[in-house]
Each structure stands twice: as C-alpha cells, then as structure tokens.
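Report on the structure given below.
The values are calculated or read from the model by the stated rules, or taken from the named source; none is laboratory data. Here the structure is a predicted model, which is why all the values come from computation and not from measurement. Neighbour counts are summed over all protein chains in view; Cβ atoms, including those assigned to glycine, are modelled from backbone coordinates with ideal geometry. Side chains included, ligands, DNA and RNA excluded: accessible areas come from the protein's heavy atoms. Shrake-Rupley method; radii C 1.70, N 1.55, O 1.52, S 1.80 Å.
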Amino acid sequence: MGTYKLIALDMDGTLLNEDKKISAENREAIEQATALGKIVMMSTGRGAISAMPYIEELGLTTPLVVVNGSEVWESPSKLHKRTLLSAETVRNLHKLAQEHDCWWWAYSVNGVFNRESEQLDLEEQEWLKFGYFTENPDKLQRIRTTVEGWGILEITNSHPSNIELNPLGISKASGLEMVCQLLGIQMSEVIAMGDSENDIAMIREAGLGVAMGNAQDEVKRIADITTLTNEEHGVAEVIRTYLLQA
C-alpha cells in the first residue's frame, strides 16, 4: 500500500448523506487527516458557489475541482483555470432539450440556469457545463446518442437519470491532474472517491480509486475497492483505513 498524500472527494452521494449534510464521522476523519498533513479536497460536479459552504464548514483551504473539471481552483479564493463551452454548443444543447421536451440545467460562471429561468440570454453568459434530466430512459439515450455524434463533448452523468456535458477532455481526472501539478505530487499518491459516471475518470487514474457502496454498477466495476455507502460514512472509513494508518 503506497503512502497517499491527497484524497479527492465527490460531494453528492459520496461526502454528503442523503440530506446533503456532512456527517460528524466524516467531518472528524477529515479533520484528523488534515491534522496529519494530508490534503483533503473536493472534486465535484457542483459549481464553486454551491460547493463553498461545505468547504467553509470543513475549514478547508485546499484546491478544488468543480463543475466536473471545467474549473480548477488553487484555493477556495483563487481560480487557477477555467474551460468554457462555446455559446454555439450551448445553443445546440439547449435546442436539443427543447426538441425532446426535456428538463435541462446549465452552469455558467455566474450561477445555475434551467428550463424555468426567465430572460435567458445564452450569448451573455460564459458557460461551463450543460445537463439534461429525464426519467424516460429512451429519451435520455436518444439525446446521448445525438450528442455523442458531435464528438466535441465529454459525456457523463451524476445520476442514472441525467447526462452531464463538459468540453471534450475536461473531467474530474483532468482537474485532479492539474492539482497534482500545482502541488508537486503524483496521481499514484491520490485517493479518489465517488459514486457516479462523472467520477469514473478520476477513480480510474488515481492511485486508489474508491467506489461508494451506493455507487452505480459501472463505477464499482472499474474501482480498486468499494467501500460503505454515503449514509454509512464511507468517506470516514476510507480516510481511517488509508490515510490515518499510514
């Protein structure tokens, strides 16, 4: 077992329980790891605005990867790199949502927009990520097939009923690699934990890739290990086993 220096945590379905809270067990393990000089960071599909309250709650000043890698922050107050979707791509994705009468949402630098956003000017925003949600699997597959045909987007999900789209080559793994360069550490010294398709790239490339007990099957298939669920404090379990014992 190598000596791991950094743990990258997905948030929803991983660090957070079903009530979107950080359990006392997870918080305590994170504090213990930090006290030992280990780097605990978030790698999430969320935007910076919605991730920050949790980062502040934990008192972390470490780098973060948000919107599936479209933004990498050197610290919670310093943006390192941002990769945008072109306005034309977002226009086409938006049109596809309308054609399929599908719920959509999109992250811009200024916040989150969705189907109910009024006076949406696609041209005015700088776009980071686009998503679709539908519980109709056929509709979801049709949209996915169309978008795959364009060949310009990274296609993942954060839930079996959604699709998330980032610029091609941008993922939590690409974000994490950038963080490793900033910190002068290797991907082999990283633990990555997650539960959804948008976690697969970083789980595959990390020294130790961990699927949550509640993860999608595809994630469990490629992970090195599967731990407890997000309701059973899987994050605390992994930190105690792999970071505090080292």
inquiry  = When you check Leu64 against the structure, is it under 21 Å from Pro167 (Cβ atoms), aliphatic (A, V, I, L, M) and surrounded by fewer than 17 Cβ atoms within 10 Å (Cβ to Cβ), yes or no?
reply    = no
task = Determine, yes or no, whether Glu205 is open to solvent by 10 Å² or more (accessible area, probe 1.4 Å) and either touching a helix residue (DSSP H, G or I) at 6+ places or on another chain (Cβ under 7 Å) or free of Cβ contacts under 8 Å to residues at least 24 places away in the same chain (or both).
result = yes
remark   = Subset of segment 123-149, residues over 17 Å from Thr83 (Cβ atoms), surrounded by fewer than 16 Cβ atoms within 10 Å (Cβ to Cβ) and not basic (Lys, Arg), comes to Glu123, Glu124, Glu135, Asn136, Pro137, Asp138, Gln141, Thr145, Thr146, Glu148, Gly149
Condition met for Ser86 (under 17 Å from Lys20 (Cβ atoms) and surrounded by fewer than 22 Cβ atoms within 10 Å (Cβ to Cβ)) = no
remark   = Per the list (1) on the phi > 0 side of the Ramachandran plot; (2) of a type in the set (D, E, K, R); (3) in contact with a Pro (Cβ under 9 Å, 6 or more places away or on another chain), residue check on Lys20 breaks on (3)
ask   = Across segment 150-179, what is the total count of residues that are over 24 Å from His94 (Cα atoms) and open to solvent by less than 20 Å² (accessible area, probe 1.4 Å)?
value = 4
ask   = Tell me, which residue of segment 97-114 that is outside any strand (DSSP E or B) and surrounded by fewer than 18 Cβ atoms within 10 Å (Cβ to Cβ) is farthest from the chain's Cα centre (by Cα)?
value = Glu99
key: Every pair of residues 6+ apart whose Cβ atoms lie under 6 Å, when the first sits in segment 22-47 and is within 24 Å of Ser174 (Cβ to Cβ) while the second is hydroxyl-bearing (Ser, Thr, Tyr) and outside any loop (DSSP other than H, G, I, E, B)   = Val40/Thr34; Gly47/Tyr107
ask   = For Gly37, all conditions in the list (1) surrounded by fewer than 20 Cβ atoms within 10 Å (Cβ to Cβ); (2) under 20 Å from Leu182 (Cβ atoms); (3) within 17 Å of the chain's Cα centre (by Cα) hold save one; what is the number of the exception?
value = (3)
query = Mind checking which residues of segment 74-83 are part of a loop (DSSP other than H, G, I, E, B) and either in contact with a helix residue (DSSP H, G or I) (Cβ under 8 Å, 6 or more places away or on another chain) or surrounded by 18 or more Cβ atoms within 10 Å (Cβ to Cβ) (or both)?
reply = Pro76, Thr83
request  = Pull up segment 180-201, narrow it to residues that are over 20 Å from Lys220 (Cα atoms) and either surrounded by 24 or more Cβ atoms within 10 Å (Cβ to Cβ) or not charged (D, E, K, R) (or both), then point me to the one that is nearest to the chain's Cα centre (by Cα).
outcome  = Cys180
